[in-house]
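Remarks on the structure that follows.
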Amino acid sequence: MDLTGLSSKGRFLMVLCIVSYLYKSTAAEGSCKLKAKFNLRGYKEVEKKTVVIGGMFPVHQRLTDTDSNTTIAPESSDCEGFNFRTFRWAQTMLFALNEINSRNDILPDTELGYVIYDSCFTISKAVEGTLTFLTGQDEAVPNYRCGDGPPLSALVGAGGSDLSIATARILGLYYFPQMSYASSCSVLESRFQYPTFLRTIPSDEHQSVAMAKLVLHFGWTWVGTIAAEDDYGKYGIKRFKEVVEEAGVCISFSETLPKIRNPEAIERIVQTVLDSTAKIIVVFSSDVDLSPLVGELLRNNVTNRTWIASEAWVTSAAISRHPDILPVLGGTIGFAVKRADIPGLKEHLLSVTPYNDTLTEEFWGIVFNCTMNYRQVLSGMRRCTGEEMMEKLSNTFTDVSQLRITYNVYKAVYAVAHALHNLEDCKPHSGPFENNTCADITKFEPWQLMYYLKNLRYTVPHTGEEIYFNNGDVDGFYDILNWQSESEGGITYTHIGYYNSTAPPEERLIINNGSIIWNNDILETPRSVCSERCQPGTRMGIRQGEPVCCFDCIPCADGEISNTTDARGCIQCDEDYWSNANHDTCVPKTIEFLDFTEPLGITLIAIAAFGALATIAVAIILLMHLNTPLVNVNDPLLSFSLLLGLVITFLCSIVFLGEPQMWSCMTSQVALAVGFALVLSSLMGKSALLMLRARAVKARVIMIVCTLIQAVGCTVWLILMPPQPVKNTAAQNIKIILECDPGNIIFICSIFAYDILLAVLTFSFAFVARKLEDHFNEGKSVTFGMLVFFIVWISFVPAYLSTRGKFMVAVQIFAILASSFGLLACVFIPKCYVLLIKPERNKEELMIPRAKSRDTAASGSSASLATTSSSANANGTTVSTVSLDD
């Protein structure tokens with residue numbers, strides 16, 4: 001048949017007609033059969049029941065190995081690995097149904113039946129059970145409901161998230177309600193993909209965030225993760241990583257637990273755990289998938305780790321009751337769903353008998369180590385009597401101390417029952433459906449029940465918990481448990497806190513740190529970091545190619561600080577501050593200047609004062625001998641102006657001391673420049689008198705003009721860009737040097753260049769005049785004084801440039817004092833010597849010049865003096881020389 005000419009819709013209708021025709025042909029022969037027959041085990045009670053509720057529980061852990069030979073017809077695999085915990089879940093559904101059927105306040109006129117299958121913790125068995133449940137007979141026929149039995153209401157199941165995802169896709173096609181008790185995967189939140197999926201267990205979105213908050217609460221920044229190789233583990237650990245990595249936590253390793261037996265993969269995971277420095281390991285897995293890893297951890301004696309458990313294994317007896325588990329998993333912290341006590345459940349569990357079904361028969365044979373199979377009896381096994389005492393059992397099946405997932409099963413069954421009750425209790429002409437109609441409890445459609453489930457709000461018996469669904473989900477509430485050792489050496493689940501997703505953000509995670517006992521019975525919270533925290537004074541230096549949590553702590557540079565732990569960078573101190581020794585605080589820099597009160601300052605003041613007093617003393621001596629010939633030679637006025645200049649230079653050096661102020665900066669620099677200008681111009685005037693035989697008035701004019709030029713230059717300097725006090729923070733890092741800024745380098749260079757010019761001219765004149773043959777040659781004294789002056793200031797330059805801070809001021813003052821003392825000593829000591837020690841030489845006749853002659857006698861000892869007399873009568877002052885020879 002050629003269908004190419006039809007549209008896609010036409011082709012679909014044609015195929016649907018063919019399928020219907022073939023099915024009707026088969027139905028005409030009296031049966032609904034497929035080529036394959038499913039091998040399912042469970043419980044079924046539908047006779048004389050009004051409504052049927054489906055159930056699916058992973059009573060077994062895996063499928064048995066089958067022959068892959070395709071030469072014979074394939075058979076549906078059987079299951080192995082009986083799980084007492086999940087068998088209790090299935091029995092809880094039976095208990096809840098019996099309890100509801102016996103009540104008069106819920107569905108009083110309706111009897112609930114059930115069809116429960118074992119999913120064997122595998123997707124294939126879950127799909128088989130779903131198809132069979134929908135068909136209504138042992139042979140599954142997709143899209144059809146075979147038989148005239150009671151209507152199907154909802155499916156409670158199917159265990160793990162992978163199983164529910166598979167069944168939810170099928171049930172969603174028919175808008176058939178599914179109520180899960182253990183499928184917490186966040187991907188099931190999508191109402192687009194899973195429109196009829198509801199659950200009584202919180203979504204893993206809440207659990208992943210809660211785990212992340214737990215890690216952050218204890219300050220762990222270096223964790224490992226292990227997840228089951230299914231949607232539950234993949235999506236749960238993915239969301240956990242997103243939250244913690246956003247908060248700065250690093251993942252040391254991320255491993256996946258295989259779904260099928262793989263010893264090599266398990267050994268590799270254990271080796272990764274051993275090699276890692278992470279002490280915190282987050283595990284998102286079921287107890288079934290985790291069991292092989294636990295066995296390998298025990299064989300390798302992996303201790304000193306803290307394990308963070310998801311709700312799927314935190315209360316699993318298959319893990320916690322493992323022999324010698326305490327050294328490895330002791331101290332585990334995990335999240336568990338709400339716990340409850342269910343009155344009557346223990347009695348129901350103890351009342352099971354091995355004659356009802358194959359699942360209970362298998363359970364009976366395992367716990368009592370007997371068999372009801374005749375062939376096995378013949379092979380030597382003990383035959384079960386059916387009267388074995390269940391009360392003597394102490395195993396996971398009869399343990400009702402931690403009813404958490406069991407409580408979720410109980411709530412799920414009651415949720416379906418309450419929805420059915422609301423459907424049955426609908427008042428005619430007030431219904432929610434078209435034309436205000438109600439659904440008939442004996443022949444309703446699944447989508448009609450779905451309406452009541454979505455809008456359901458009921459109170460759970462015995463616990464008083466109110467249940468409602470927010471877009472198919474319930475609020476996220478978890479108990480936080482700590483695995484601690486009990487007196488008999490086993491594990492006890494100690495409640496240490498809780499997580500409530502509906503609380504304010506700061507109150508969602510509540511933990512009592514003091515009640516936690518960590519691995520190896522340690523009370524101190526373990527640390528799990530790739531690198532120890534960087535203390536204040538250091539910064540984090542990221543290691544190339546490693547996670548951001550792995551870093552080196554680098555000390556802050558001088559002048560920088562960090563005052564927090566794990567600082568990303570150091571903070572530069574302000575200009576007036578510097579880092580302390582620990583580089584964690586900026587402290588004010590030391591203020592430095594040459595103070596009056598310190599020993600060096602006092603010493604310099606004393607020397608300056610002595611120099612000024614000595615100069616004044618010389619002036620007094622000259623005044624006392626003012627009318628004597630020695631004082632009158634070479635113009636006494638120039639001598640007094642020279643002495644005045646020296647007093648100024650001595651005293652101005654004191655102004656350099658102390659904290660620089662505006663006035664002191666201006667006074668010290670200007671006084672120094674003008675003082676030396678006066679001194680040098682006076683000396684130049686004296687030298688001019690000697691060299692040029694000039695009149696005294698001309699020498700005075702030279703002195704006055706040269707001094708005035710300097711004074712005018714300094715005045716301009718002070719007006720335009722005066723010196724001012726500044727804080728020098730660049731010279732020394734830890735100090736603020738208070739000094740005077742000259743204002744403009746051109747001005748200060750010009751001012752002191754002028755003094756240098758005067759000094760050079762003075763020296764030149766004096767140097768020439770020293771050879772004149774006079775009785776009293778003052779030119780030599782000036783020459784020596786200027787030599788001292790040059791030596792001091794030439795030595796001053798390298799000394800000044802090689803010092804810092806207040807010692808620069810001290811060097812400058814020393815140069816001023818040394819040069820001043822040099823001039824004072826060289827120029828005036830010879831005169832004072834004559835005036836005070838040899839007054840007999842201070843006579844006018846000794847000032848008369850005599851001509852020099854050389855004695856040519858045989859003895860060769862001539863003592864003649866050649867003199868040249870020059871008398872100038874300008875203002876009555878006589879310019880002559882006197883010999884100091886005897």
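The values are calculated or read from the model by the stated rules, or taken from the named source; none is laboratory data. Every value quoted in this text rests on a predicted model; they were computed, and no experiment measured them. In this analysis, Cβ positions are derived from the backbone assuming ideal geometry, glycine residues included, and neighbour counts consider all displayed protein chains. Just so you know, the surface numbers come from the protein's heavy atoms only, side chains and all, with ligands and any DNA or RNA stripped out. Shrake-Rupley method; radii C 1.70, N 1.55, O 1.52, S 1.80 Å.
Structure notes:
- Residues of the range 718-764 satisfying the condition of being more than 16 Å from Gly675 (Cα to Cα) and of a type in the set (D, E, K, R): Lys727, Lys735, Glu739, Asp741
- Lys259 vs. criteria of a type in the set (Lys, Arg) and more than 25 Å from Ser501 (Cα to Cα): yes
- So Val618, is it within 28 Å of Ala810 (Cβ to Cβ) and touching a Cys at 6+ places or on another chain (Cβ under 9 Å): yes
- Filter result (among the hydroxyl-bearing types (Ser, Thr, Tyr) and in contact (Cβ under 8 Å) with a residue 40 or more places away in the chain) within the range 98-112: Thr110
- Check on Met450, hydrophobic (A, V, I, L, M, F, W, C) and open to solvent by 70 Å² or more (accessible area, probe 1.4 Å): no
- Lone qualifier among Ser485, Ser528 - being surrounded by fewer than 17 Cβ atoms within 10 Å (Cβ to Cβ), modelled with pLDDT under 95 and of a type in the set (Gly, Ala, Ser): Ser485
- Every residue from the range 733-747 that is assigned to a loop (DSSP other than H, G, I, E, B) and either surrounded by 17 or more Cβ atoms within 10 Å (Cβ to Cβ) or touching a strand residue (DSSP E or B) at 6+ places or on another chain (Cβ under 7 Å) (or both): Asn733, Ile734, Pro742, Gly743
- The range 593-637: number of residues that are acidic (Asp, Glu) and either modelled with pLDDT of 85 or more or open to solvent by 40 Å² or more (accessible area, probe 1.4 Å) (or both): 2
- Residue that is modelled with the lowest pLDDT [pool: residues in the range 40-65 that are in a loop (DSSP other than H, G, I, E, B) and out of contact with any Pro (no Cβ under 8 Å at 6 or more places or on another chain)]: Asp65
- Residue count for the range 788-820 under the criterion of being assigned to a helix (DSSP H, G or I) and under 58 Å from the mean Cα position of the chain (by Cα): the result is 17.
- Across the range 138-164, the qualifying residues are those that are modelled with pLDDT of 75 or more and assigned to a loop (DSSP other than H, G, I, E, B), and the one among them that is most open to solvent (accessible area, probe 1.4 Å) is Gly149.
- Tally of residues being touching a helix residue (DSSP H, G or I) at 6+ places or on another chain (Cβ under 8 Å) and in a helix (DSSP H, G or I) across the range 172-206: 6
- If only residues of the range 98-117 that are among the acidic types (Asp, Glu) and either modelled with pLDDT under 95 or in a loop (DSSP other than H, G, I, E, B) (or both) are counted, the one that is farthest from Glu229 (Cα to Cα) is Asp109.
- Criterion: of a type in the set (A, V, I, L, M), in contact (Cβ under 8 Å) with a residue 60 or more places away in the chain and closer than 16 Å to Ser668 by Cβ - qualifying residue of Ala731, Ala810: Ala810
So that you can scan it fast, the table gives a plain yes or no per residue for (1) within 19 Å of Thr442 (Cα to Cα); (2) within 52 Å of the chain's Cα centre (by Cα):
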residue: Ser77; (1), (2): no, no
residue: Glu80; (1), (2): no, yes
residue: Asn83; (1), (2): no, yes
residue: Arg88; (1), (2): no, yes
residue: Phe95; (1), (2): no, no
residue: Glu99; (1), (2): no, no
residue: Leu107; (1), (2): yes, no
residue: Ile116; (1), (2): no, no
residue: Ser119; (1), (2): no, yes
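- Residues located in the range 166-222, provided they are more than 35 Å from the chain's Cα centre (by Cα), aromatic (Phe, Trp, Tyr) and surrounded by fewer than 24 Cβ atoms within 10 Å (Cβ to Cβ): Tyr174, Tyr175, Phe192, Tyr194
- When the residues of the range 478-527 are filtered to those that are among the aliphatic types (A, V, I, L, M) and in a loop (DSSP other than H, G, I, E, B), the one that is nearest to Ile325 (Cα to Cα) is Ile517.
- The residue that is nearest to Val328 (Cα to Cα), among those in the range 232-276 that are assigned to a loop (DSSP other than H, G, I, E, B) and over 19 Å from the mean Cα position of the chain (by Cα), is Ser276.
- Pairing each residue of the range 346-371 that is in contact (Cβ under 8 Å) with a residue 60 or more places away in the chain with any residue that is of a type in the set (Gly, Ala, Ser), provided the two are 6+ apart or on different chains, yields C-beta distances under 7 Å for Leu359/Gly42.
- Some residue of the range 337-346 being outside the structural domain of Phe240 (by the TED database), among the small types (Gly, Ala, Ser) and either in contact with a Cys (Cβ under 7 Å, 6 or more places away or on another chain) or not in a loop (DSSP other than H, G, I, E, B) (or both): no
- Among the numbered conditions (1) within 30 Å of Lys735 (Cα to Cα); (2) crowded, with 16+ Cβ neighbours inside 10 Å, the only one that Thr803 does not meet is (2).
- Any hit, the range 382-401, residues being surrounded by 14 or more Cβ atoms within 10 Å (Cβ to Cβ), of a type outside the set (Val, Ile, Thr), at pLDDT 90 or above and not in a helix (DSSP H, G or I): yes
- Test result for Leu642, touching a helix residue (DSSP H, G or I) at 6+ places or on another chain (Cβ under 9 Å), farther than 27 Å from Val726 by Cα and either buried (at least 19 other Cβ atoms within 10 Å of the Cβ) or without any contact (Cβ under 8 Å) to a residue 24 or more places away in the chain (or both): yes
- Look at (1) open to solvent by 50 Å² or more (accessible area, probe 1.4 Å); (2) in contact (Cβ under 8 Å) with a residue 60 or more places away in the chain; (3) among the β-branched types (Val, Ile, Thr) and you find that Ile794 fails only one, number (2).
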